[in-house]
1. What does DSSP give for region 67-320 in terms of the percent of beta bridges that are antiparallel, rounded to the nearest 5?
2. What percent antiparallel are the DSSP beta bridges of the chain, to the nearest 5?
3. Starting from the Cα of residue 322, step 7 Å toward the Cβ, then list every residue of region 66-90 with an amide N under 13 Å from that point.
4. Enter the mean projected area of the convex hull around the alpha-carbon atoms of the chain, in nm², rounded to one decimal.
5. Pairs of alpha-carbon atoms within less than 8 angstrom and 6+ residues apart define the contacts here; what relative contact order does region 248-315 have, in percent?
6. According to the square roots a ≥ b ≥ c of the eigenvalues of the Cα gyration tensor, what is the shape class of region 385-434, taking rounded for a/c under 1.5, prolate for a/b larger than b/c otherwise, and oblate for the remainder?
7. Any idea how far apart residue 231 and residue 263 come out in nm if each label point goes 7 Å out from Cα toward Cβ?
8. Taking 0.36 nm per residue of sequence separation and subtracting the Cα-Cα distance, how much length would be gained by fully extending the chain between residue 336 and residue 19, in nm to one decimal?
């Protein structure tokens, strides 16, 4: 009898999938059915409603569905959707060492709270699962899924009205990753943490884990980690030398894997090219974190054995080459004969990363459309706009401000000294930018929006 699954690899009781009790089986069926209704009625992507229904029927459904799976969790303020996609691509490669040929279950739509995790695990059976996790829910997921690997990218301010002060989030991560706290939680604790050695808050959270692989991938935004989380003193940074506390012993750990431009380097000097279809230095960092996570999950000795790490990373990076967009991010659409590239930025760190990407292209004459909304998914507080260095757009040929909070954005651009125009909606903004770009020699228009502005990008001119 088919218990979960709707597509190619749905599990059957006693044949790969978990043997579910009556309540859990009913809940799993309800998840799939409810999400099918949502998708068929075009009310949404069908990744949350079903999960809510399933958890209402069986509150421990997430733990039940995670049994007998190798689970990888990915969390961080920025880059977790892309890193999850890259990690899932690596683990879904036929013939990858230590893996089944069945692609991993994954919340590829970015529904990164428990409802979305339940929906992803109900869609099909796979012995592996790669789950993107909202920063605030990491502890809950660690307890529920007993993950083999947790990949930690970065921590910075995001959605100021919803997310607690960033150091409190780091403290919750630290509590969740400390094996000593696992005894009464129902989970066995994390096996290996793959952590960004260049983010002090990530290091503080991860240092208590039983096994950590430190990866040096840089830090785009350091304004939220100026003080030592251990003693409160200032953190000192020096180019090429990492960071350290001015008072105590807290300092950047020596990574065993790091990036050097677009090359992944291991202890001992082993170098592997990071060849991606995705643009931007930040995606090189995401790929490096995903590659190490895949290696640890696939190669039993990768956390301590250089040879296993080399094999795992090379296999993973090869599988990532074909990923050209992630949920519409980085893809290019035709708008009245001009290519428009879609980019997502949701907080100061994300905007800095996008500006770095624009600078990499060396197309200073290009047109840029900036779209800001302030709905629940974006965060209602837009004061973060004043932390974004919009001054970097001063020499752009065309800058258009749009979105529901276009006036707030326009005020910020005015004080940044950026010559710009405002448009009443995204469609009008694109029409204006495309009109100014056509015939100018610039190859495309860049559209940069936060969550709901990006999600509501018009389907056609």
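Where a number appears in this text, it was derived from the coordinates with a stated rule and is not lab data. Please read all numbers here as calculations on a predicted model, not as lab measurements. Glycine gets a Cβ as well: all are built from the backbone with ideal geometry, and neighbour counts include every protein chain shown.
1. Looking only at bridges with both residues in region 67-320, the antiparallel portion is about 35 percent.
2. 30 percent
3. Only 89-90 fall inside the zone, counting backbone N under 13 Å.
4. Directional mean of the projected Cα hull area for the chain stands at 22.1 nm².
5. Relative contact order comes out at 22 percent.
6. oblate
7. 3.7 nm
8. Working: separation 317, 0.36 × 317 = 114.12 nm, distance 5.37 nm.
Working it through step by step, the gained length comes to 108.8 nm.
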